[in-house]
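Heads up: the structure comes next, in structure tokens.
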């Protein structure tokens, strides 16, 4: 057990949304940015349909093809513990360059691995992730406004698209951790 890598506890918050949508989760410190991206997709509730970018200080990390095009670092080749090391350090994670979903990623603490615990794991969170392709924070606000008013001109369009399945307040820690397994 002494050789186990430390555990990074992050809080990720979707920027531009009130009340906030956030998650607190733990990962091994030795994962790559590509693996962190996959974990964020699960904990936040995204479907990995779009490009992403991590902005850590003066370094940017993204997928292999986009890295070559933009002159960024390949996320699959760089481990997070080389760039995110200090408690309180923040990074920016952007998902879907069209809708521009920006997330603040905060390293809350670094702790030893607990025996018998599977990582990654989600510890807590609030509110449902917006649906993919709803137009970023402004489109999401408009969507919620339309869904709250049956007389809104876009109410029927959103109802047809989402049905009764979307609840902006829903959050299931159990479902997220099951997907992380």
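The values are calculated or read from the model by the stated rules, or taken from the named source; none is laboratory data. Everything numeric here is computed off the predicted structure, so don't read it as measured data. Don't worry about glycine lacking a Cβ; one is built from the backbone with ideal geometry, like all the others, and counts go over all protein chains shown.
Some notes on this structure:
- Among the residues of region 75-85, those identified as modelled with pLDDT of 95 or more and loosely packed, with under 14 Cβ neighbours inside 10 Å are 77, 82.
- Within region 115-128, if we keep just the residues that are part of a loop (DSSP other than H, G, I, E, B) and in contact (Cβ under 8 Å) with a residue 12 or more places away in the chain, the residue that is surrounded by the most Cβ atoms within 10 Å (Cβ to Cβ) turns out to be 120.
- Test: residue in region 138-149 that is farther than 30 Å from residue 5 by Cα, part of a strand (DSSP E or B) and modelled with pLDDT of 95 or more: no
- Every residue from region 68-91 that is in contact (Cβ under 8 Å) with a residue 24 or more places away in the chain, assigned to a helix (DSSP H, G or I) and more than 15 Å from residue 27 (Cα to Cα): 75, 76, 77
- Scanning region 97-114 for residues that are assigned to a loop (DSSP other than H, G, I, E, B) and surrounded by 18 or more Cβ atoms within 10 Å (Cβ to Cβ) yields a total of 1.
- Of the residues making up region 19-50, those that are in contact with a helix residue (DSSP H, G or I) (Cβ under 9 Å, 6 or more places away or on another chain) and surrounded by fewer than 16 Cβ atoms within 10 Å (Cβ to Cβ) are 30, 47, 48.
- Of everything in region 1-18 that is in contact (Cβ under 8 Å) with a residue 12 or more places away in the chain and outside any strand (DSSP E or B), the residue that is surrounded by the most Cβ atoms within 10 Å (Cβ to Cβ) is 17.
- Yes/no for residue 132 being surrounded by 13 or more Cβ atoms within 10 Å (Cβ to Cβ) and either under 20 Å from residue 33 (Cβ atoms) or within 20 Å of the chain's Cα centre (by Cα) (or both): yes
- Only listed residue being in a strand (DSSP E or B) and either more than 23 Å from residue 4 (Cβ to Cβ) or touching a helix residue (DSSP H, G or I) at 6+ places or on another chain (Cβ under 9 Å) (or both), chosen from 65, 94: 94
- Breaking point among (1) surrounded by fewer than 20 Cβ atoms within 10 Å (Cβ to Cβ); (2) farther than 24 Å from residue 134 by Cβ, for residue 61: (1)
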